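Below is one structure, written out as structure tokens; comments come after it.
The values are calculated or read from the model by the stated rules, or taken from the named source; none is laboratory data. A quick note: this is a predicted structure, and the numbers were derived from the prediction, not measured. Cβ placement follows ideal geometry from the backbone for every residue including glycine, while neighbour counts extend to all protein chains displayed. Accessible surface areas use protein heavy atoms only, side chains included; no ligands, DNA or RNA. Shrake-Rupley method; radii C 1.70, N 1.55, O 1.52, S 1.80 Å.
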Amino acid sequence: MSARPAAVAAPRLLSLATAVPGHRVSQAEARSAVERWFAGTEAGHARMFDVLKHSGIEHRHFCMPLDWYATERSFKEQNALYVEHALRLGEEAASRALRSAGLEPADLDHILFVSTTGLATPSLDVRLSLALGCRQDCRRTPVWGLGCAGGAAGLARARDLALADPLARVLLVAVELCSLTFRRGDLDKRNLVAASLFADGAAAVVVAGAEADASLAERHPLELQASRSTLWPETLDVMGWEVSDRGLHVVFSRDIPAIVRERIRPFIESFLHEEGLSLSEVAHLVAHPGGAKVLAAFAEALAWPESGLTHAREVLRTCGNMSSPSCLFVLERFLASGDIRAGEHAVVLALGPGFAAEAVLLRGAVNA
């Protein structure tokens, strides 16, 4: 991707809000359940169960009570619950983001909906637009299949839309109900690892073009300066879904931390070079908390101080890995803390199926 022309004013992030479902489960409760469910299987031994103990997670949120997952469910039942709960969570996060931005649903020009953990046609952006009360001519874009990279990629696409129409106000909503993809009868190691990490959540971001109402930008003076994607060849089997007549089965390689250590620094340095920056000029890393080992790999690869991953580790501790919204939960903490000061650069970074990386360059606005 070529560098952004200097004359083009950057879109701004006006607001960001998150939502989690009401069933809060401690990691100790989850471990007890998983030990019961996987007992006597190939994956059911103490070393595998220790994945939960060393995950860096204290509790997570699920859309259903923990006991509900003890029974094998049909894909039809799981997907119906996905549509119901994803719409509710997405609407909750979107309404909060709109209120924070000082906007009404009728002010929106585009809705971008990102998810990978369920299916719906009409798509959930349609249902969300109707539930919020958006204009009939509000444009919609559903994006499916980006997995954990979806939050960063969605932020990049929201920026693209606001660049194409500098008057536009864009709502990005990322929702994942990872828990509903759990297969009680799928007793292999990958499913156990997924059960130890993944959770449910939603995030919504309002992005405005440079010529939208300037007073709105004062609420969160953060510029979206550039974005970059990369797709590494011969890595299709690293992360994703296998689809069977019983539903979606997780693909989750143990090689992810090694790939991060080997490939993430050249990707980030090339991206920053095109934007006239070096890694040393980036003050903040808004990293997707894919797991404790992934965060450690980010720190090692980028020579990033542990203190710079505090917000990511806190999201992992209190929410687990929610896939696409997770990096937006981390960004929310940066915004709430005021850590990104005027003129400082930050990079939102996430990985997903492909195997792929997505990055967005942010800057604290100097004229706020």
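With r as the distance between the Cβ atoms of Leu167 and Arg99 and R0 = 22 Å, compute the FRET efficiency 1/(1 + (r/R0)^6) and round to 0.05. After rounding, the FRET efficiency stands at 0.55. Carbon-plus-sulfur accessible fraction, the stretch 67-163 (probe radius 1.4 Å, protein heavy atoms only): 54%.
If you take every DSSP beta bridge whose two residues both sit in the chain, what share of them, in percent to the nearest 5, is antiparallel?
Working: 45 of 63 bridges.
That works out to approximately 70 percent antiparallel.
With the cut-off at 1.5 for a/c, could you classify the stretch 154-280 from its C-alpha gyration tensor as rounded, prolate or oblate? The shape class here is oblate. Taking the chain as a whole, which cysteines find no other cysteine Cβ under 4.7 angstrom from their Cβ? That list is Cys63, Cys148, Cys178, Cys319, Cys327. Solvent-accessible area per residue in the stretch 213-296 equals 50 Å², computed with a 1.4 angstrom probe and all protein chains kept.
Using a Förster radius of 45 Å, what is the FRET efficiency between Val126 and Ser280 based on their Cβ-Cβ separation? Nearest 0.05, please.
It comes to 0.50.
At 15 Å minimum axial length over the Cα atoms and a Kyte-Doolittle cut of 0.0, report the qualifying DSSP H helices in the chain, or say none. Write down the numbers at each step before the final one.
On the way: long enough: 27-38 (16 Å, -0.73); 75-101 (37 Å, -0.44); 150-164 (20 Å, 0.57); 256-274 (26 Å, 0.12); 292-302 (16 Å, 1.47); 326-337 (17 Å, 1.32).
Helices meeting the span and hydropathy rule in the chain are 150-164, 256-274, 292-302, 326-337.
Taking a straight line from the alpha carbon of Lys53, these aspartates and glutamates sit under 17 Å away, with near neighbours fewer than eight places off in the same chain left out: Glu29, Glu35, Glu314.
At R0 = 30 Å, how high is the FRET efficiency between Ala258 and Arg341 if r is their beta carbon distance? Nearest 0.05 is fine. Spell out each step's value before the answer.
Numbers: r = 35 Å, r/R0 = 1.15.
Plugging the Cβ-Cβ distance into 1/(1 + (r/R0)^6) gives 0.30.
Can you bin the stretch 221-368 into rounded, prolate or oblate? Criterion: square roots of the alpha carbon gyration tensor eigenvalues sorted a ≥ b ≥ c, rounded for a/c under 1.5, prolate for a/b above b/c, oblate for the rest. Note, shape of the stretch 221-368 comes out prolate. For the stretch 35-181, the gyration tensor built on C-alpha atoms gives a prolate shape. Its axis ratio a/c (a ≥ b ≥ c) is at least 1.5, and a/b is the larger of a/b and b/c. Mind sorting out which of (i) 33, 24, 17; (ii) 44, 23, 18; (iii) 32, 25, 23 is the real semi-axes √(5λ) of the Cα gyration tensor in Å computed from the coordinates? Read-out taken from this structure: (i). Label-point separation (nm) for Glu300 and Asp50, each offset 7 Å from Cα along Cα-to-Cβ? Placing both labels 7 Å along Cα→Cβ, they lie 1.7 nm apart.
Using a 1.4 Å probe on the protein heavy atoms, what percent of the accessible area of the stretch 182-307 belongs to carbon and sulfur?
Numbers: 2790 of 5500 Å².
The value for the stretch 182-307 is 51 percent carbon and sulfur by accessible area.
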